[in-house]
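Enquirer: Have a look at this one before I ask anything.
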Amino acid sequence: MAQTTANPRERDAQLLLRAAARFAAAQTSSPFDQSGARQAAVFNRKLWTVFLSSVMRAENPLDAGTKANIRKIALFVLGRCSSVEAEPRAEQLTALININRNIAEGLRG
């Protein structure tokens, strides 16, 4: 019910935090959970693909500088997710966890 009543920014923040939690669970698992990392990367890649396509739409109201910054972050995230999907390593996940948590914090204001 919370997701149906949440505003879009809050929903996006929740999704980013869910992806970060999945990465963190895989990273801290002993032994490292490669399958969990891959699954988290697939989820995160889909999420960031939506963010990127939204930012690239002409009708998106964000200013050009913000759009450019989000595009750069999205391209980094997508590349890192591809690397994790191909050959997961625990140290690859830290940047993804931090980015998702920081963006979620910003969305929540």
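The values are calculated or read from the model by the stated rules, or taken from the named source; none is laboratory data. Treat the numbers as computed from the prediction; the structure is a model and nothing was measured. Side chains are part of the model used for accessible areas, which takes the heavy atoms of the whole protein and leaves out ligands, DNA and RNA. Shrake-Rupley method; radii C 1.70, N 1.55, O 1.52, S 1.80 Å.
Enquirer: As a check on your grasp of the helix formula, calculate [θ] at 222 nm for the chain: sum -39500 (n - 2.57) over DSSP H runs of n ≥ 4, divide by the residue count, round to the nearest 500. Working shown, then result.
Expert: Details: 5 runs with 87 residues, N = 109.
Rounded to the nearest 500, it is -27000 deg cm²/dmol.
Enquirer: Let me ask another. When only C-alpha pairs under 8 Å and at least 6 residues apart count, what is the relative contact order of the chain, in percent?
Expert: Details: 101 pairs, mean separation 46.6, N = 109.
This gives 43 percent for the chain.
Enquirer: What length, rounded to one decimal in nm, is gained on full extension from GLU10 through to LYS67, with 0.36 nm per residue of separation minus their alpha-carbon distance? Walk me through the numbers before you get to the answer.
Expert: Values: separation 57, 0.36 × 57 = 20.52 nm, distance 1.93 nm.
Gain in length upon complete extension: 18.6 nm.
Enquirer: Give me the extension gain from ALA25 to GLU59: residue separation times 0.36 nm, minus the current Cα-Cα distance, reported in nm with one decimal.
Expert: Result: 8.5 nm gained on full extension.
Enquirer: Taking the square root of 5 times each eigenvalue of the Cα gyration tensor, what semi-axes in Å does the equivalent ellipsoid of the chain have, largest first? If you can, show how the numbers build up before the last one.
Expert: Values: eigenvalues 123, 54, 24 Å².
Sorted largest first and rounded, they come to 25, 16, 11 Å.
Enquirer: Counting heavy atoms of the protein chains only and a 1.4 Å probe, report the per residue accessible area for region 25-109 as a whole number of Å². Write out the running numbers ahead of the final one.
Expert: Numbers: 4940 Å² over 85 residues.
Computed with neighbouring chains in place, this is 58 Å² per residue.
Enquirer: So, one more: If I fit a long axis through the Cα atoms of helix 34-56 and take the longest principal axis of the Cα atoms of the chain, what angle between them do I get, 0 to 90°, rounded to 10?
Expert: 10
Enquirer: Taking just the alpha-carbon atoms of region 36-99, what radius of gyration and Dmax come out, in angstrom?
Expert: In Å, with Rg to one decimal and Dmax whole: 12.7, 38.
Enquirer: Same structure, new question: Please determine, in degrees from 0 to 90 and to the nearest 10, the orientation of helix 8-28 with respect to the longest principal axis defined by the Cα atoms of the chain, where the helix direction is its Cα long axis.
Expert: For 8-28 against the chain, the angle is about 10 degrees.
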